[in-house]
Amino acid sequence: MTPDELSQLSVEERERQQGFEHCLNVCTAASCLSSGAEEVKKGLTTAVKEKGLREKCRIRGAGCMGLCSSGPLVALDPEDVLYQHVGVDDVPEIVESLDTQPVPRLLCDTTIPFFQRQKKIVLENSGRIDPERIEDYIAVGGYRSLARVLTEMDPDEVVQEIVNSGLRGRGGAGYPTGLKWGTVAKATGAEKYVICNADEGDPGAFMDRAVLESDPHRVLEGMTIAAYAVGATQGYIYVRAEYPLAIKRLRQAIKQAQRLGLQGDRIYETPFRFTVDIRLGAGAFVCGEETALIASIEGGRGLPRPRPPYPANHGLWGCPTLINNVETFANVAAILREGAGWFSSIGTEKSKGTKVFSLAGPLSRYGLIEVPMGISLREIVFDIAGGLPDGKSFKAVQTGGPSGGCIPARHLDTSVDYESLRELGAIMGSGGMIVMDESSNMVDVARFFMEFCMTESCGKCVPCRVGTYQMHTLLDRIYNRQGTKRDLELLSELCEVVRETSLCGLGQTAPNPVNSTLRYFRDEYEERLVSDGVRGPSGDPLAQVEMTP
Amino acid sequence: MTHKSIPTPDSFTLRIDGTDVVAQVGQSILEVAQDHNIGIPTLCYLEGLTPWGGCRLCLVEIKGSGRLLPACSTLATEDMDVTTTSPRIERYRRTIVELLFSERNHICAVCVSNGNCELQTLAQEMGVTHVHVPYRYPTLLVDSSHDGFRLDHNRCVMCTRCVRVCEEIEGAATKGVGGRGIDSMIINDLNEPWGESDTCTSCGKCVSVCPTGALTEKGTTFADMAKRRERRELLPYLTQTREGRR
């Protein structure tokens with residue numbers, strides 16, 4: 001395929017779509033599917049067929065529309081109507097009303113801040129295209145950035161464009177993406193690799209899953225552009241096996257791209273070749289750490305190794321390797337389409353662009369949102385999510401999963417950017433955002449995340465393997481009102497040791513939930529302590545026995 | 001001063017603990033330090049085996065790096081400024097040793113390696129007289145199914161020296177790690193009794209490299225110093241094998 005043929009295909013597909021008077025987009029991402037979207041889609045298809053409206057009406061399985069709390073969602077094009085909580089019983093009424101007024105009972109107000117305050121780049125096509133058809137993606141301008149990159153730009157120019165955009169890694173740490181690309185581009189090696197990290201494992205996080213399920217070609221296009229920029233010919237998507245729908249759609253997407261010559265040899269009739277393969281994660285959280293991920297792709301046990309050397313110089317099979325997160329790659333095509341200047345005009349001074357968050361917790365509205373960097377936490381919790389229902393009061397918001405921290409109400413006006421969140425003892429993380437009300441006990445919250453880290457520790461380094469176990473024991477003890485002041489001191493000491501001495505990010509950040517809850521909710525720990533005299537210093541008589549040979 | 005201290009075209013200088021020292025290209029910080037008799041505590045490291053970086057005892061400060069880095073697996077580079085010890089690092093090392101003692105059942109008095117144990121020596125050198133964290137007292141099995149050797153999980157520190165020597169030197173790859181996190185265990189083949197292993201050549205290298213009493217030869221007593229001697233003889237062999245591979 002040539003770029004001209006791509007434009008031709010795009011025009012044809014748009015004309016085909018305009019041939020329909022109505023298009024009913026049924027959300028078929030995991031959340032809506034689990035509340036019955038598949039039945040709704042089938043029902044709509046049958047009803048339309050029975051009414052003889054097949055020529056007029058297109059039923060399209062689309063990606064995530066964001067407002068998971070109101071699913072299953074059905075959006076009508078071009079009427080711009082959104083129906084919520086659609087059940088199979090509602091199908092006849094919807095089909096009946098297609099040429100008249102929409103069904104008022106099912107209407108979802110799209111003027112609410114949940115929709116109005118978002119800024120969509122990564123999710124721009126999510127819910128608007130059929131993720132299982134490459135033609136849908138091409139119709140909205142997909143693969144055009146890749147065509148431009150391959151025919152008009154040098155690899156250096158592509159790297160420079162990403163540098164200028166100010167894009168930072170969306171996996172959590174926020175390392176400048178352009179700098180990483182530049183390092184891999186400069187590294188020497190017979191072979192280079194591009195890896196997409198889709199091993200999303202934080203509890204309550206589902207951003208990457210939604211992107212892969214809703215717009216898989218976007219990630220493939222980003223990876224292909226990256227491969228051209230750094231000089232790689234082979235790519236891997238490391239996706240966790242717990243995401244069967246995302247895997248299915250990725251597989252389809254790769255096949256479709258190969259069929260159209262957008263992957264494989266001579267992409268767009270240029271000498272550039274690039275192939276993407278899927279590798280499935282077997283459920284280990286630590287495999288989201290880049291060196292463990294590489295070990296896992298190589299077929300070994302998913303264990304991290306000390307850095308340096310960084311994967312950019314010494315990665316997969318010892319070759320220079322670029323590893324970026326799903327959301328990072330999903331930004332690339334848009335940056336090259338609209339320009340680095342456009343991208344860097346969004347967000348704050350140091351954090352550019354937007355960030356996708358998965359909102360969970362006792363909120364009026366929850367689901368998937370994409371907001372510009374620099375928005376305040378208050379706006380997210382109280383405007384976009386509509387606050388907490390039933391008069392519950394806000395207690396804390398947890399960002400960054402087991403590596404993150406809890407932010408109390410008094411810091412709600414903090415701007416959402418990498419630096420500000422880090423200052424509060426939390427992190428941006430990959431985008432999980434869990435809101436807690438007054439019924440949550442913060443010692444329990446810290447214990448939950450510590451248990452997660454303990455069970456997910458790979459066991460390679462001592463501080464993480466034993467330290468997380470000991471911290472969990474202490475938290476358990478304190479939560480059960482058996483801990484002493486000395487236990488609390490010991491907990492703080494262990495937090496420091498584990499943070500400073502662990503081998504990889506898992507251990508280094510495991511104490512964050514404890515540290516942040518200790519910082520903002522220390523009273524909840526202290527009110528559970530018993531006096532020192534009740535138990536010995538460590539509760540263990542043998543601990544006092546001197547150890548000599 | 002060893003021969004490695006003499007400047008060659010492949011040598012450069014760096015600072016360790018305020019002293020300028022000569023290093024060869026490709027040497028780790030630990031190797032340079034050992035060449036110059038600067039002591040850095042180690043446990044999982046063993047000369048001749050691929051560095052593992054798991055015990056975290058050899059962590060050192062490097063000026064300009066925000067994090068502590070393991071000396072065993074960090075390459076020395078020109079003009080590096082390394083600090084091998086400080087009150088902070090010593091505190092961390094002590095805590096790590098305490099964590100190791102708390103993890104399994106290290107009862108020196110009934111151990112065949114008493115007086116000949118690297119964990120015990122580390123504790124003595126660091127002045128660890130108390131363990132401040134709660135002991136776990138896990139219930140662990142002892143694998144005595146092998147004719148000549150015994151694997152006592154109670155005394156294992158998961159340094160994986162045995163795993164590495166079995167794969168890298170003997171080429172048998174009998175030993176491996178099973179389980180995850182705190183439940184990690186040294187296993188034989190696909191977690192079979194050692195005596196039933198098809199791949200084990202009974203070479204005994206794993207026993208020689210074990211820093212504690214986890215891997216022992218049957219019939220040895222706690223006063224038996226054979227193990228230590230044997231280990232000394234193995235080192236040059238390991239080094240030679242590695243040099244040959246380079």
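Tally up the residues in region A:364-416 that are more than 10 Å from residue A:114 (Cα to Cα) and part of a loop (DSSP other than H, G, I, E, B), please.
The number of residues fulfilling the criteria is 17.
Just to be sure, is residue A:252 among the polar types (S, T, N, Q), at pLDDT 95 or above, under 24 Å from the mean Cα position of the chain (by Cα) and not in a loop (DSSP other than H, G, I, E, B)?
Yes, satisfied.
Only residues that are more than 21 Å from the chain's Cα centre (by Cα) and surrounded by 17 or more Cβ atoms within 10 Å (Cβ to Cβ): list them for region B:137-158, please. Full working, then the answer.
Filtering region B:137-158 for residues more than 21 Å from the chain's Cα centre (by Cα) gives B:137-148.
Selection gives B:143, B:146.
For residues in region B:67-86 being within 14 Å of another protein chain (Cβ to nearest Cβ) and loosely packed, with under 15 Cβ neighbours inside 10 Å, which is farthest from the chain's Cα centre (by Cα)?
So the residue we want is B:77.
Please find, among A:13, A:39, A:21, the residue that is surrounded by fewer than 17 Cβ atoms within 10 Å (Cβ to Cβ) and in contact with a helix residue (DSSP H, G or I) (Cβ under 7 Å, 6 or more places away or on another chain).
Only one candidate passes the filter, namely A:39.
Could you count how many residues in region A:283-301 are within 20 Å of residue A:430 (Cα to Cα) and more than 9 Å from chain B (Cβ to nearest Cβ)?
Number of matching residues: 10.
What residue, of A:483, A:507, is assigned to a loop (DSSP other than H, G, I, E, B) and either crowded, with 23+ Cβ neighbours inside 10 Å or out of contact with any strand residue (DSSP E or B) (no Cβ under 8 Å at 6 or more places or on another chain) (or both)?
It is A:483.
Residue A:459 versus (1) in a loop (DSSP other than H, G, I, E, B); (2) in contact (Cβ under 8 Å) with a residue 12 or more places away in the chain; (3) of a type outside the set (Ser, Thr, Tyr): which is the lone unmet condition?
The failed condition is (2).
What's the total number of residues in region A:365-387 that are out of contact with any helix residue (DSSP H, G or I) (no Cβ under 8 Å at 6 or more places or on another chain) and not charged (D, E, K, R)?
Counting residues in region A:365-387 that are out of contact with any helix residue (DSSP H, G or I) (no Cβ under 8 Å at 6 or more places or on another chain) and not charged (D, E, K, R) gives 8.
So which residues in region A:303-321 are within 14 Å of chain B (Cβ to nearest Cβ) and buried (at least 24 other Cβ atoms within 10 Å of the Cβ)?
Within region A:303-321, the first condition is being within 14 Å of chain B (Cβ to nearest Cβ), and the residues that meet it are A:303-310, A:313-314, A:318.
Those that are within 14 Å of chain B (Cβ to nearest Cβ) and buried (at least 24 other Cβ atoms within 10 Å of the Cβ): A:303, A:304.
Among B:104, B:94, B:161, which is of a type in the set (Lys, Arg), away from chain A (no Cβ under 11 Å) and surrounded by 15 or more Cβ atoms within 10 Å (Cβ to Cβ)?
Exactly one residue qualifies, and that residue is B:161.
Please find, among A:447, A:422, the residue that is within 22 Å of residue A:399 (Cβ to Cβ) and not assigned by TED's automatic domain parsing to the domain that holds residue A:497.
Going through A:447, A:422 in turn, just one is within 22 Å of residue A:399 (Cβ to Cβ) and not assigned by TED's automatic domain parsing to the domain that holds residue A:497: A:422.
Is it true that some residue in region B:30-46 is in a loop (DSSP other than H, G, I, E, B), within 11 Å of chain A (Cβ to nearest Cβ) and crowded, with 16+ Cβ neighbours inside 10 Å?
Within region B:30-46, one or more residues are in a loop (DSSP other than H, G, I, E, B), within 11 Å of chain A (Cβ to nearest Cβ) and crowded, with 16+ Cβ neighbours inside 10 Å.
Do you know which residues across region A:55-66 are out of contact with any helix residue (DSSP H, G or I) (no Cβ under 6 Å at 6 or more places or on another chain) and outside any strand (DSSP E or B)?
Listed by number, the residues that qualify are A:55, A:56, A:65, A:66.
Every residue in region A:461-480 that is at the interface with chain B (Cβ under 7 Å from one of its Cβ atoms) and either touching a helix residue (DSSP H, G or I) at 6+ places or on another chain (Cβ under 6 Å) or surrounded by 24 or more Cβ atoms within 10 Å (Cβ to Cβ) (or both), please. So that I can check it myself, show each step before the final result.
Residues of region A:461-480 at the interface with chain B (Cβ under 7 Å from one of its Cβ atoms): A:461-463, A:465-467, A:469-470, A:473.
Result: A:461, A:462, A:463, A:465, A:466, A:467, A:469, A:470.
Would it be correct to say that residue A:350 is modelled with pLDDT under 95, under 30 Å from residue A:155 (Cβ atoms) and surrounded by fewer than 20 Cβ atoms within 10 Å (Cβ to Cβ)? Lay out the reasoning, then the answer.
Numbers: modelled with pLDDT under 95: yes; under 30 Å from residue A:155 (Cβ atoms): yes; surrounded by fewer than 20 Cβ atoms within 10 Å (Cβ to Cβ): yes.
In short, yes.
Going through B:107, B:89, B:40 one at a time, which residue ends up being farther than 21 Å from residue B:185 by Cβ and over 18 Å from the mean Cα position of the chain (by Cα)? Break it down into steps so the answer makes sense when it comes.
On the way: B:107 fails: farther than 21 Å from residue B:185 by Cβ; B:40 fails: over 18 Å from the mean Cα position of the chain (by Cα).
Sole residue among the options that is farther than 21 Å from residue B:185 by Cβ and over 18 Å from the mean Cα position of the chain (by Cα): B:89.
Only one residue in B:53, B:64 is touching a strand residue (DSSP E or B) at 6+ places or on another chain (Cβ under 8 Å), assigned to a loop (DSSP other than H, G, I, E, B) and buried (at least 21 other Cβ atoms within 10 Å of the Cβ). Which one? Spell out the reasoning first.
Working: B:64 fails: buried (at least 21 other Cβ atoms within 10 Å of the Cβ).
None of the other options fit; the residue is B:53.
From B:160, B:129, which residue is closer than 24 Å to residue A:287 by Cβ and not acidic (Asp, Glu)?
B:160
Please specify each residue of region B:164-186 satisfying the condition of being at the interface with chain A (Cβ under 9 Å from one of its Cβ atoms) and among the basic types (Lys, Arg).
If the condition is that a residue be at the interface with chain A (Cβ under 9 Å from one of its Cβ atoms) and among the basic types (Lys, Arg), then B:180 is the only one that fits.
Of the residues A:101, A:118, which is surrounded by fewer than 18 Cβ atoms within 10 Å (Cβ to Cβ) and part of a loop (DSSP other than H, G, I, E, B)?
Values: A:118 fails: surrounded by fewer than 18 Cβ atoms within 10 Å (Cβ to Cβ).
Answer to the selection: A:101.
Could you tell me whether residue B:123 is at the interface with another protein chain (Cβ under 10 Å from one of its Cβ atoms), in a helix (DSSP H, G or I), surrounded by fewer than 23 Cβ atoms within 10 Å (Cβ to Cβ) and of a type in the set (A, V, I, L, M)? Steps first, please.
Details: at the interface with another protein chain (Cβ under 10 Å from one of its Cβ atoms): yes; in a helix (DSSP H, G or I): yes; surrounded by fewer than 23 Cβ atoms within 10 Å (Cβ to Cβ): no; of a type in the set (A, V, I, L, M): yes.
Criteria not met by residue B:123.
The values are calculated or read from the model by the stated rules, or taken from the named source; none is laboratory data. As the structure is a prediction and not an experimental result, all values here were calculated from the model. Backbone-built Cβ (ideal geometry, glycine too); neighbour counts: all protein chains shown.
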